[in-house]
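As structure tokens, the structure follows; a few thoughts come after it.
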Amino acid sequence: MTTHTEIRVFETGDTDAVVALWESAGLTRPWNDPRADIRRKLAVQRELFLVAVESGRIVGSVMAGYDGHRGWLYYLATVSDRRGAGIGRMLVEAAETRLIAMGCPKVQLMVRTENEGVRGFYDSIGYEPFDIWMTGKRLIAD
């Protein structure tokens, strides 16, 4: 039996399933409220927040953004029982297609150092590792 995977724009009714997905994939952190991240994303480029759905079940997500200089990918995740089925690749390709349509010339993402297992996936879809120092600053506390 072949499973059909639909990639579509996130809907507010997807919130609980997406937060559960992110938590099970280890993407959430105590200092980052995932529901606040979702609310913020829905206010800006909501068409770049995508989910993968199979038989009504959320099986993956990706959040993308474009600032006019480069695109970014965040919260790429698939449910554990469907990893390796190509869902992550489909989500990245869908996000990249939307970014290209916006005129985005390049895309980047961040991987936490402890998440070494995902590096092979990104390498397999053409993402190049860089030796860079990354920093950030929280402007609004969740």
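Determine one quarter of the surface area of the Cα convex hull of segment 1-80, which equals its mean projected area, and express it in nm² to one decimal. Mind dumping the intermediate values first?
Numbers: hull surface 23.5 nm².
In nm², the orientation-averaged hull projection of segment 1-80 is 5.9.
In the chain, carbon and sulfur make up what percent of the accessible area (probe 1.4 Å)?
52
Students sometimes get this wrong: rank Phe121, Phe130 by accessible area, probe 1.4 Å, all chains present, largest first.
Result of the area sort, largest leading: Phe130, Phe121.
Starting from segment 42-112, pick out the trypsin sites (Lys or Arg not before Pro) whose DSSP state is loop and whose Cβ has at most 13 other Cβ atoms within 10 Å.
Arg70, Lys106, Arg112
Which of Val18, Val111, Ile38 sits closest to the plus end of the dipole of the chain, meaning its Cα is farthest towards the positive end, when Lys and Arg get +1 and Asp and Glu get -1 on the C-beta?
Value computed over the given set: Ile38.
Mean-square fluctuation check for the chain, GNM, Cα pairs under 10 Å: which of Gly120, Gly26, Gly86 is largest?
Top of the fluctuation ranking is Gly120.
Over the chain, one equal point on each Cα, no solvent: what is log10 I(q)/I(0) by the Debye formula at q = 0.16, 0.19, 0.22 Å⁻¹?
-0.90, -1.31, -1.75
Radius of gyration and Dmax for segment 89-142's Cα atoms, expressed in Å?
13.7, 36
How about segment 92-142: which GluC sites (Glu not before Pro) there lie in a loop by DSSP and see at most 12 other Cβ atoms within 10 Å?
Of the GluC sites (Glu not before Pro), the ones in loops of segment 92-142 whose Cβ has at most 12 other Cβ atoms within 10 Å are Glu114.
Please find, in a Gaussian network model of the chain (springs between Cα atoms separated by less than 10 Å), the residue of Trp72, Trp22, Trp31 whose mean-square fluctuation is greatest.
Taking springs between Cα atoms under 10 Å, the residue moving most is Trp31.
Please calculate how many Å² of accessible area segment 33-103 carries per residue, with a 1.4 Å probe and no DNA, RNA or ligand atoms counted. List each step's numbers first, then the result.
Numbers: 3310 Å² over 71 residues.
Roughly 47 Å² per residue, with all protein chains present.
Of Thr78, Thr15, Thr97, which is the most mobile in a GNM of the chain whose springs link Cα atoms less than 10 angstrom apart?
Thr97
Please get the size of the charge dipole for the chain, origin at its Cα centre, with Cβ charges of +1 on Lys and Arg and -1 on Asp and Glu, quoted in debye to the nearest 20.
The calculation lands at about 300 debye.
Report the residues of segment 90-109 in range of a label on Ile125: point 7 Å along Cα→C-beta, backbone N strictly under 15 Å from it.
90-100, 107-109
Search the structure for amide H atoms under 5 Å from the amide H of Val59, placed 1.01 Å from N in the peptide plane, and list their residues when 5 or more places away or on another chain.
Ala52, Val53, Glu54
Across every pair of different alpha-carbon atoms, what Kirkwood hydrodynamic radius in Å does segment 52-108 reach? Spell out each step's value before the answer.
Details: mean 1/r = 0.0845 Å⁻¹.
This gives a value of 11.8 Å.
Using θ = phi - 60° and the Karplus relation 6.51 cos²θ - 1.76 cosθ + 1.60, list the HN-Hα couplings for segment 72-81 in order, rounded to whole Hz, with x at every Gly or Pro.
9, 10, 9, 6, 6, 8, 10, 5, 4, 6
The values are calculated or read from the model by the stated rules, or taken from the named source; none is laboratory data. Predicted model, so just to flag it, every value in this text is computed and none were measured. Methodologically, a virtual Cβ is constructed for each residue, glycine included, from the backbone with ideal geometry; neighbour enumeration extends over all protein chains shown. For accessibility, only protein heavy atoms count, side chains too; no ligands or nucleic acids. Shrake-Rupley method; radii C 1.70, N 1.55, O 1.52, S 1.80 Å.
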